[in-house]
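Enquirer: Can you keep this structure in mind? I'll have questions shortly.
The values are calculated or read from the model by the stated rules, or taken from the named source; none is laboratory data. Quick caveat: nothing in here was measured; it's all calculated off a predicted structure. Cβ placement follows ideal geometry from the backbone for every residue including glycine, while neighbour counts extend to all protein chains displayed. Calculation scope for accessible area: heavy atoms of the full protein, side chains included, ligands and nucleic acids excluded. Shrake-Rupley method; radii C 1.70, N 1.55, O 1.52, S 1.80 Å.
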Amino acid sequence: MDSKYAVLGKENNKKKSNGIKVKRIKLCVGNSSKLNGNRVANQQVTDQHDIKEAFVEDLKETRKLLPVYAVRNRLLEEVKKNDTMILIGETGSGKTTQVPQLIHEQRLEGLGSIAVTQPRRVAAITLAMRVAAEMNTEIGSIVGYCVRFEDVTSVRTKVKYLTDGMLLREAVADPLLKRYSFIILDEAHERTVNTDVLFGIVKLAQKERNEKKLLPLKVIIMSATMDVDSFRKYYDECPVIYLEGRTHPVTIYHTKMKQDDYQYAALCTIFQLHATSPANHDFLVFLTGQEEIETLMSNIKQIAKESPGPLIRVCPLYAGLPAAKQLQVWKKTPPGMRKIVLATNIAEASVTIPQIKCIIDTGFVKERTWCTSTGAERLRVLPCSQAAAWQRAGRAGRTARGAAYRLYTDADFAARKPHNTPEIVRCPLASTILLLIASGFDPLTFPLIDPPPEESVKASLLLLKELGAIDNETSPKLTVLGKKMTAFPIDPKYSKVLLSAPEYDCLDEALSLVAVLSSENVFHMPMHKREEALKVKQKFVSTLGDHITLLNVFKAFCKAPLKKQWCKENYLNHKNLAYAYDVRQQLLAICHRLNMTVTSCGTALDQLLKCLLSGLFTNCAWLRGGAVGGVGGVGGAKYVTCGGACAALHPGSVLHALRPAPAALLYSELLHTRRAYLLTVSVVQPHWLHQLAPEYARRCRITRSCTDTFKTD
């Protein structure tokens, strides 16, 4: 360990204090439930109060096993001494759950409170519930959490777990973050856009609070792995504290040959291991998204009926899953049953799933990139970084010795990039820049660890100007519309859609549509009943496209008396529709606060599509060559976006087989896998763009060869 880093660990008389090592101990967040289960069984406790007391006592014992607890006094000295510090602690050391508790136990936060940020909502929720249990308090009291569309806190809350996006939104109303005396930025290595911006906001808030002699703000940056030197330099050479502590060893296996179909390879690996592994060895499989997870889940359940070995419980885990469903992952399985968790990269860090012994890593992740010339987002399935692969493997060593099976070769791993590319250099910035301007910061001079490309900032400012959110691009100030847009915790394009809806008398429909688009895929297509599911889907299909089809589904869902049964009969995803319903209620409440009148366009659906285009005008595509009839055939028609990118309709679109192919489309996403696909599309009239976004239409006219599609009637 470099001498410039302080090291905290269990004292050893043979070594100097700055080279202390931690005792090797078994780390297990699930120990509490295991110990509690044994105690309840042995003592045959039936009284609920006694059960709770035993559970709390076990949690206290589990805390004492963590490396952080062994060095708590030394750690608290560092916290008191430094306004800013970087804490590097290995996975399982207890830093995320214990550091906030140690600070609160000493009442170091004073009149303020402690904010602990997480990149993902599932981590914020589960960590808050864990800490609340350890502190023997109700969730929402002393310990709470705040994620998008869900605030479980109160005036008594002193330890608050929240997503970085929610803290960023709080900075709009309070740039100095005066309610907090401690801000802990956890999982700093993930480098999401919101996290990178928060680094700058808390740095400036800390400096200004010191200058104004306000309550001091202490900042702790935490991670298991990060580019320490860059962070240390950014925070004015602040001290770096290294917390020693080891997880259990993990054996890494690579495939001998390259796998062309990683989903099929994952399925084969699952059942090979299932036939040879003990029943109490649970599996964690990393996939790229909900669709893959649900397809593999269906296949596992079918094969498991005829497969030898213990019973199987399959649990999905992804960002769009409702919180109650996400928590099922942590539910203990009965003896003799194996749990197989199918997760996206949200399971890479912060969350600990007990009894995971085998990791099956497909080696891929969905990554968003943004084209500054067209304003289009591209969602691509790419190989994950080496750092992400190590994070995934580490999930198997949390409670005992484990194994990680990588479905790619050793040479493939060696050729991958070492770290994730920071989101801020590859993702759209309009939403972030809007919040920065609302907080009083200049986006052109705001301090960032890795500044985004200048063209990305300029393109985002131009988009905000064309959306009507800011008055100019050189020294931007929020317009009246822009101030209203910041009230919605959604992309500015969609907040513009909602704010434009009263003009088109379609706010009722716009709320429903934006809510559904905020959720994941609502259609469920089991492989063994695909034809039947497609037949049932036809009752909702609109010839105007996917957006109106989604609206039809949501309206029918709201009217259904027995929603779960109705969804099952219609091959629809109940949890995603229920989530969309909750989102709509939240968006409706914001509209009421803004005194917006909720009206319906009825059957005049052109009004709704025009309203949608008013916010998504950068997402237009035209039939290749401008031809209309007879184009398409197998594989669908070819379309060209504003920037000249060629893409086809996704096979899942209701317009995929429509003949003749529509002359112009509005799409929600541009997906790049092996081919480029337009996702969630609707038919629009070519001249609408010129009417609704004339400046953008003129720019497109210059960049595209087919200028005739922009002519007005």
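Enquirer: So if we plug the beta-carbon distance of GLU61 and CYS558 into 1/(1 + (r/R0)^6) with R0 = 56 Å, what FRET efficiency do we get, rounded to 0.05? All intermediate terms of the calculation are to be shown ahead of the outcome.
Expert: Values: r = 49 Å, r/R0 = 0.87.
So the FRET efficiency works out to roughly 0.70.
Enquirer: With both partners inside region 119-252, how many of the DSSP beta bridges are antiparallel, as a percent to the nearest 5? Each step should come with its number before you reach the end.
Expert: On the way: 3 of 12 bridges.
Rounded to the nearest five, the antiparallel share is 25 percent.
Enquirer: Send over a whole-number figure in Å² for the accessible area per residue of the chain, probe 1.4 Å. The partial results should precede the final answer.
Expert: On the way: 31090 Å² over 713 residues.
For the chain, the solvent-accessible area averages 44 Å² per residue.
Enquirer: Next up: Would you kindly calculate the translational diffusion coefficient of region 236-313, applying Stokes-Einstein with the Kirkwood radius from alpha carbon pairs, for 10 °C and a viscosity of 1.306 mPa s, and quote it in µm² s⁻¹ without decimals? Could the numbers behind the result be given before it?
Expert: Values: Rh = 15.7 Å.
The diffusion coefficient I find is 101 µm²/s.
Enquirer: On alpha-carbon atoms, Rg over Rh for region 553-605 using Kirkwood Rh? All intermediate terms of the calculation are to be shown ahead of the outcome.
Expert: Details: Rg = 13.5 Å, Rh = 12.7 Å.
Ratio value, two decimals: 1.06.
Enquirer: Hey, another quick one. Please pull out the direction-averaged projected area of region 207-365, using the convex hull of its alpha-carbon atoms, in nm² to one decimal place. Write down the numbers at each step before the final one.
Expert: Working: hull surface 55.4 nm².
One quarter of the hull surface, i.e. the mean projection, equals 13.9 nm².
Enquirer: Counting Lys and Arg as +1 and Asp and Glu as -1, each charge on the Cβ, what is the dipole of the chain about the Cα centre in debye, to the nearest 20?
Expert: Dipole size: approximately 1440 debye.
Enquirer: Starting from 0 in steps of 5 Å, tell me what percent of the Cα-Cα pairs of region 303-438 lands in each bin.
Expert: Computed distribution, short to long bins: 2, 8, 14, 17, 17, 15, 11, 7, 4, 2, 1, 0.
Enquirer: Then there is this: Mind listing P(r) for region 107-205? All alpha-carbon pairs, 10 Å bins, whole percents.
Expert: All Cα pairs, binned at 10 Å, distribute as 17, 52, 28, 2 percent.
Enquirer: Further question: VAL480 to LYS256: extension gain in nm, 0.36 nm per residue of separation minus the Cα-Cα distance? The partial results should precede the final answer.
Expert: Values: separation 224, 0.36 × 224 = 80.64 nm, distance 6.03 nm.
Length gained, VAL480 through LYS256: 74.6 nm.
Enquirer: Once every Cα of region 441-495 carries one equal point scatterer and solvent is ignored, give the base-10 log of I(q)/I(0) from the Debye formula at q = 0.13, 0.16 Å⁻¹, two decimals.
Expert: One equal scatterer on each Cα of region 441-495 leads to -0.33, -0.50.
Enquirer: Once ligands and nucleic acids are excluded and a 1.4 Å probe is used, how much of ASP582 is accessible, expressed in Å² to the nearest 10?
Expert: Counting only protein heavy atoms, ASP582 exposes about 90 Å² to solvent.
Enquirer: Of LYS331/LYS559; LYS203/LYS484; LYS95/LYS203; LYS258/LYS529, which pairs sit farther than 24 Å apart, going by alpha carbon to alpha carbon? Intermediate values should be presented prior to the final figure.
Expert: Values: LYS331/LYS559 33 Å; LYS203/LYS484 27 Å; LYS95/LYS203 22 Å; LYS258/LYS529 31 Å.
Where the Cα-Cα span goes over 24 Å, the pairs concerned are LYS331/LYS559; LYS203/LYS484; LYS258/LYS529.
Enquirer: Dipole of the chain (Lys/Arg Cβ +1, Asp/Glu Cβ -1, origin at the Cα centre): which of VAL329, VAL553, ASN280 lies farthest to the positive side?
Expert: ASN280
Enquirer: Dividing the Cα radius of gyration by the Kirkwood radius, what Rg/Rh value follows for the chain? Don't skip to the end; give the middle numbers.
Expert: Working: Rg = 26.4 Å, Rh = 27.3 Å.
Reported Rg/Rh, Kirkwood definition of Rh: 0.97.
Enquirer: Further question: Treating cross-link reach as a plain straight distance, find the aspartates and glutamates whose alpha-carbon is under 16 Å from the alpha-carbon of LYS213, omitting any fewer than eight places away in the same chain.
Expert: In chain and number order, the partners are ASP83.
Enquirer: Another question, if that's okay. If you build the convex hull over the alpha carbons only and average its shadow over all orientations, what do you get for region 191-276? Give it in nm² to one decimal.
Expert: Values: hull surface 41.0 nm².
About 10.3 nm², averaged over all directions.
Enquirer: If you don't mind, there's one more thing I want to ask. Straight-line reach from LYS256: which aspartates and glutamates fall under 18 Å, measuring Cα to Cα and dropping same-chain residues less than 8 apart?
Expert: ASP361, ASP410, ASP412
Enquirer: By DSSP, what percent of the beta bridges with both residues in the chain are antiparallel, rounded to the nearest 5?
Expert: On the way: 29 of 91 bridges.
The answer is about 30 percent antiparallel.
Enquirer: Among the aspartates and glutamates, select those whose C-alpha is under 18 Å from the C-alpha of LYS465, and discard any that sit fewer than 8 residues away in the same chain.
Expert: ASP442, GLU454, GLU455, GLU473, ASP491, GLU695
Enquirer: Quote the charge dipole size of region 72-195 about the Cα centre in Debye, to the nearest 20; the model charges only the Cβ of Lys and Arg (+1) and of Asp and Glu (-1).
Expert: Details: 17 positive and 16 negative charges, 29 e Å.
The calculated dipole for region 72-195 is roughly 140 debye.
Enquirer: Report the paramagnetic label zone for ASP606: residues of region 653-692 whose backbone N is under 18 Å from a point 7 Å from Cα along the Cα-to-Cβ axis.
Expert: Under 18 Å, as judged by backbone N against the label point of ASP606, lie 662-666, 682-692 of region 653-692.
Enquirer: Further, regarding this structure: Accessible area of the chain with a 1.4 Å probe: how many percent of it is carbon plus sulfur?
Expert: The value for the chain is 51 percent carbon and sulfur by accessible area.
Enquirer: So what does log10 I(q)/I(0) come out to for region 230-269 at q = 0.20, 0.32, 0.35 Å⁻¹, using the Debye formula with one equal point on every Cα and no solvent?
Expert: -0.73, -1.06, -1.12
Enquirer: Right, something else. Name the residue farthest towards the positive end of the dipole of the chain from the options MET596, THR618, CYS567, assuming +1 on Cβ of Lys and Arg, -1 on Cβ of Asp and Glu, about the Cα centre.
Expert: CYS567
Enquirer: If contacts are Cα pairs under 8 angstrom and at least 6 residues apart, what is the relative contact order of the chain in percent?
Expert: Working: 1339 pairs, mean separation 75.9, N = 713.
After rounding, I find 11 percent.
Enquirer: To one decimal place, what Kirkwood hydrodynamic radius in Å is obtained for region 444-553 from all pairs of distinct Cα atoms? Walk me through the numbers on the way to the answer.
Expert: Values: mean 1/r = 0.0589 Å⁻¹.
The answer is 17.0 Å.
Enquirer: At a Förster radius of 35 Å, what calculated FRET efficiency corresponds to the Cβ-Cβ distance of GLU532 and VAL598, to the nearest 0.05?
Expert: Numbers: r = 37 Å, r/R0 = 1.05.
Computed FRET efficiency for GLU532 and VAL598: 0.40.
Enquirer: Tell me what the chain gives for mean residue ellipticity at 222 nm when only DSSP H runs of n ≥ 4 count, each as -39,500 (n - 2.57), the sum divided by the residue total, rounded to 500 deg cm²/dmol.
Expert: -12000 deg cm²/dmol
Enquirer: Further question: Based only on Cα atoms, what mean projected area does the convex hull of region 169-212 have, in nm²? Walk me through the numbers before you get to the answer.
Expert: Numbers: hull surface 12.7 nm².
Result: 3.2 nm².
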